[in-house]
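A short worksheet on the structure shown next.
The values are calculated or read from the model by the stated rules, or taken from the named source; none is laboratory data. Small disclaimer: the values here were computed from a predicted structure and weren't measured. Cβ: placed from backbone, ideal geometry, glycine included. Neighbour counts: every protein chain shown. We work out accessible area using only protein heavy atoms, side chains counted, and drop any ligands, DNA or RNA first. Shrake-Rupley method; radii C 1.70, N 1.55, O 1.52, S 1.80 Å.
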Amino acid sequence: MESRLTSQNILPPVIILSIATALLIWHSSLSANTQDIIYWMPYGLAAITAMLALQFNRRQLIAVVIVNTFSYWLIASYLQQPLSILEAKFAFTAVCLFIPINLVLNQFINENGSTTPRAIAIYVFLLVQMASISLALNFFVADTAEFITEWFEPRPREGLVMSLAALGLSVVCIVAAFFRWAYKSTSLTIGLFFSFVASLFPLMFLDREAISSVFFTASMLIMLYAGFRASHELAYRDELTGLLGRRMLFEKLAGMSKNYSLAMVDIDHFKKFNDTYGHDVGDDVLAMVASKLDQIEGGGQVFRYGGEEFTVLFKGKKLDHAIAFLDDIREIISETPFAIRDKTSRDKGDKTARNEEAKPKNTVQITVSIGVAEKANHHANAEEVIKEADNALYKAKNKGRNIVVG
């Protein structure tokens, strides 16, 4: 559902790749000035993407910039000559290994900021590789000739530029990247995957004129889009639950004048629960309730309103319609057992002891109370609808909780 942080919007990256393909077909008919702009575009977009990545503290974006920029420089500097030349053959082999290995590792190493010790270690790892490749290109190319001929000889088959070993590595890495995206689908992982795909095109179809300029440009554009999407999620989504936040709720309500129902949902006895079991367990409760609410049917969209409160918006739906689906989800939440785990000593003792401590100690019932209101002519604005839903919520609390009142 739209309310969750599991965006499946692959259309923009697909459109960018499609435009890149069309541009490649028409490249020869473009003016010389336009072709020059396309040639320098990857460098310009790399600078813009790097600035965005630093602004939003995204190490994965910076890593893509480093890998793509160095790879594009290698192709532009050393691969504008036949692959039969040893220098070109070495550069091509290097880039065929450098791109898939580093981009798939980048996708699997979790994001934890652009200036952390882990991020610095990754940058150093990339710089060491780049320095080694540059050093070898200048001094040790002849020493690698036999190895490359045996394992990474280009053009092993008619119409195939990459060596079979490099092609096999790329396939393994792209499949791994796909499963990583499928396992953890966010705007950033979508961007990382499709940027990876775009970066591989110049290696697979190296003979096409301007393919590296066009597809490294596409790769950078995809990462720019992913970066902006990720920053949007930071502003509009609640980190704990993955739900859209109050800001997005009010933006949606501002564009709706009539025909909607709105519910306020509150976790029963949440303060007492927090005081008894601690805030960490309280966060687990919030995440569990959010995940269940997000399963609501009937067109409901869920928002984290604040604290232990959530809002469910039914666009274009009547009160009776909303109440029926809200009561279904209320029942699902009340029937879902919540296991309390003792986390106080989780870091003590050996693994067996920690596992024993992590076992559920007891199970509690989590319930929610819900108040619903429908937009009517007497409501001057959305705030009045929310206030009426809040009043209905208080009635639900006074009637014994774990009910829906409209």
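Can you tell me, using C-alpha contacts under 8 Å and at least 6 residues apart, the relative contact order of the stretch 229-316 as a whole percent?
On the way: 93 pairs, mean separation 34.8, N = 88.
Relative contact order here is 39 percent.
Just subtract the alpha-carbon distance of Thr21 and Ile332 from 0.36 nm times their residue separation and send over the number in nm, one decimal. The partial results should precede the final answer.
Numbers: separation 311, 0.36 × 311 = 111.96 nm, distance 4.84 nm.
Roughly 107.1 nm would be gained on extension.
In µm²/s, what is D for the stretch 275-322 at 20 °C and 1.002 mPa s, where D = kT/(6 pi eta Rh) by Stokes-Einstein and Rh is the Kirkwood radius from Cα pairs? Please list the in-between numbers first.
Numbers: Rh = 12.1 Å.
The Stokes-Einstein estimate is 178 µm²/s.
Using packing as a proxy for protection, rank 238-246, 140-148, 114-122 so that the peptide with the highest average count of other Cβ atoms within 10 Å comes first.
Values: 238-246: 18.9, 140-148: 12.8, 114-122: 14.8.
Final packing ranking: 238-246, 114-122, 140-148.
May I ask for the Kirkwood hydrodynamic radius of the stretch 1-81, worked out over all distinct Cα pairs and given in angstroms to one decimal? Let's see the in-between values first.
Numbers: mean 1/r = 0.0657 Å⁻¹.
For the stretch 1-81, inverting the mean 1/r across all distinct Cα pairs yields 15.2 Å.
For the stretch 188-296, what is the per residue volume of the convex hull drawn over the alpha-carbon atoms, in cubic angstrom?
Details: hull volume 18.4 nm³, N = 109.
Looking at the stretch 188-296, the number lands at 168 Å³ per residue.
Just grab the label-to-label distance for Ile174 and Ser132, each label 7 Å out from Cα along the Cβ direction, in nm (one decimal).
The modelled label-to-label distance comes out at 2.5 nm.
Of (1) 32.2, 103; (2) 27.3, 84; (3) 22.3, 73, which one was derived for Rg and Dmax of the Cα atoms in Å from the structure shown?
Derived directly from the coordinates: (2).
Give the Debye-formula value of log10 I(q)/I(0) at each listed q (0.21, 0.23 Å⁻¹), with one equal scatterer per alpha carbon of the stretch 184-238, two decimals each.
Once normalised to I(0) and log-transformed, intensities are -0.72, -0.79.
Which value does Rg/Rh take for the stretch 150-200 over its C-alpha atoms, Rh per Kirkwood?
Values: Rg = 13.5 Å, Rh = 12.1 Å.
Looking at the stretch 150-200, the ratio lands at 1.12.
Quick check on the stretch 41-112: what does the Kirkwood estimate of hydrodynamic radius come out to from the alpha carbon pairs, in Å? Intermediate values should be presented prior to the final figure.
Working: mean 1/r = 0.0757 Å⁻¹.
Across the stretch 41-112, the inverse of the average 1/r is 13.2 Å.
Need the full-extension length gain, Ser29 to Met51, defined as separation in residues times 0.36 nm minus the C-alpha distance. One decimal, nm.
Working: separation 22, 0.36 × 22 = 7.92 nm, distance 3.32 nm.
Full extension from Ser29 to Met51 adds 4.6 nm.
Give me the percent of the accessible area of the stretch 70-228 that comes from carbon and sulfur atoms, probe 1.4 Å, all protein chains in place. Could the numbers behind the result be given before it?
Details: 4900 of 7130 Å².
Of all accessible area on the stretch 70-228, carbon and sulfur atoms account for 69 percent.
With θ set to phi - 60° and the Karplus curve 6.51 cos²θ - 1.76 cosθ + 1.60, what are the ³J(HN,Hα) couplings of the stretch 277-292 in order, to the nearest whole Hz, using x for Gly and Pro?
Result, ordered by residue: 10, x, 6, 4, 5, x, 4, 4, 5, 4, 5, 5, 5, 4, 5, 6 Hz.
Can you tell me how much longer the chain between Tyr183 and Met204 gets when fully stretched, taken as 0.36 nm per residue apart minus their C-alpha distance, in nm with one decimal?
Details: separation 21, 0.36 × 21 = 7.56 nm, distance 2.67 nm.
Going from the current span to full extension adds 4.9 nm.
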